[in-house]
Structure formats: structure tokens, C-alpha cells
1. Can you find even one residue in the range 147-161 that is part of a helix (DSSP H, G or I), of a type outside the set (D, E, K, R), modelled with pLDDT under 95 and on the phi < 0 side of the Ramachandran plot?
2. Could you list all residues from the range 70-104 that are under 18 Å from Asn51 (Cβ atoms) and surrounded by fewer than 18 Cβ atoms within 10 Å (Cβ to Cβ)?
3. If you scan the range 95-109, which residues turn out to be in contact with a helix residue (DSSP H, G or I) (Cβ under 8 Å, 6 or more places away or on another chain), farther than 15 Å from Asp122 by Cα and either part of a helix (DSSP H, G or I) or without any contact (Cβ under 8 Å) to a residue 60 or more places away in the chain (or both)?
4. If you go through the range 111-121 one residue at a time, do you hit one that is under 18 Å from Val158 (Cβ atoms) and not basic (Lys, Arg)?
5. List pairs: first in the range 46-69 and touching a residue at least 60 places away in the same chain (Cβ under 8 Å) and within 16 Å of Ala89 (Cα to Cα), second among the polar types (S, T, N, Q) and not in a helix (DSSP H, G or I), Cβ under 8 Å, 6+ apart or cross-chain?
6. With the requirement that a residue be assigned to a loop (DSSP other than H, G, I, E, B) and either among the polar types (S, T, N, Q) or under 22 Å from Val87 (Cβ atoms) (or both), what does the range 131-146 give you?
Amino acid sequence: MDAGPGIFYRDAAGYESKGNGDPEPSSRRNREVYLIKKEWDVQEKVLHCINTLLEKKAKDIIVINIKELSSFTDYFIICSGTSDRQVKALASFIQESLKKTGIHSLGVEGERYGKWVLIDYDDVVVHIFQEPVRTFYDLERLWPEAPRMAIGNDATEVTSLDQSLSC
């Protein structure tokens, strides 16, 4: 049985294999199916990050397109959590969600303390703050001329980005 394009099995030890053939029944129960897309459009990655954060009730999500103003990334996603526990949960959940789609972070900073977590996905950098820390650092003010999109706290899903955010 061929698993089809983009479908991989990952066993409990983290080994990936293309689903060529029916796995042994004993090993099948230790496997998870991941849908891995080989190439992600940066806007698809941004939308996936936003919707993952919305799923865990992140607050005050803002997406900023800094591609024309920065050499190190294309988008910042900035959001808040109400406590260190929620900030850590948001960081953990977004990493798990993107890993399941084949996107791995280049680095994670601040996860231990849960005040400000930065997750670097190369062309997308996610900042998750506790509300007072976000107010103190006010990253949004560093790029006042950059196109941005605010996601309302009542949103449950975002299906497209504003035209101003297109690369």
C-alpha cells in the first residue's frame, strides 16, 4: 500500500519513512501520520501560524510584513498570552503543529521563562509575549511604516492575508 505523495510515517523514536508497503501490525500502533508538504509558500506558513495561535486563544495577534525593511525575515507575527503558562503552551503548540507539516524552527529563545518566546522559521518569526512584557518592548513601533494586519480577539480562523501583506 503506497501512502501517496507527501505522506510519511514517523515512529516513536522519530524515524521517518515513506509509507511503502503495509507496516507490521506491531509497529503500526507506534506510528503517527504526518502530512508533509515539501515547499511552503511564505503566506501559507503565516496563515498556518496565525490559525494555530488562534486555536490556543492567543490575544492581540498582529502580522507585520518587514520584507522590504529587513534582511533577516519577511514577516513578524506578534501575539500575547495572559500568563507564562499560556505563553509556553502557545509556543509548544505552534512548534508541534508546524513540525507535523514538516516545518522545523531554526531556533527558539525564551521558552524556559515564558515571558517572551521567539520562534524563528526563517521567513516568519513568531513573538509570543506576556501582555506587560509586550507593552514594555513594543516591537510594533520599530517598523511603523511596515504593512500590518491586526487579527481580532474574537476571530477563530483567518483564511487570507490583507493585500498590503503580499510579498
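1. no
2. Ala89, Ser92, Phe93, Glu96, Ser97, Lys99, Lys100, Thr101, Gly102, listed by residue number.
3. Within the range 95-109, just Ser97 meets the criteria.
4. Yes, because at least one residue in the range 111-121 is under 18 Å from Val158 (Cβ atoms) and not basic (Lys, Arg).
5. Leu54/Thr156; Ala58/Ser80; Lys59/Ser80; Lys59/Thr82; Lys59/Asn153
6. Hit for the range 131-146 is Asp138, nothing else.
Conditions tested, residue by residue: (1) touching a strand residue (DSSP E or B) at 6+ places or on another chain (Cβ under 6 Å); (2) at pLDDT 95 or above.
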residue: Lys56; (1), (2): no, no
residue: Cys79; (1), (2): yes, yes
residue: Lys100; (1), (2): yes, no
residue: Ser105; (1), (2): yes, no
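The values are calculated or read from the model by the stated rules, or taken from the named source; none is laboratory data. Keep in mind the model is a prediction, meaning the values are calculated, not measured. Please note: Cβ atoms are built from the backbone with ideal geometry, for glycine as well, and neighbour counts cover all protein chains shown.
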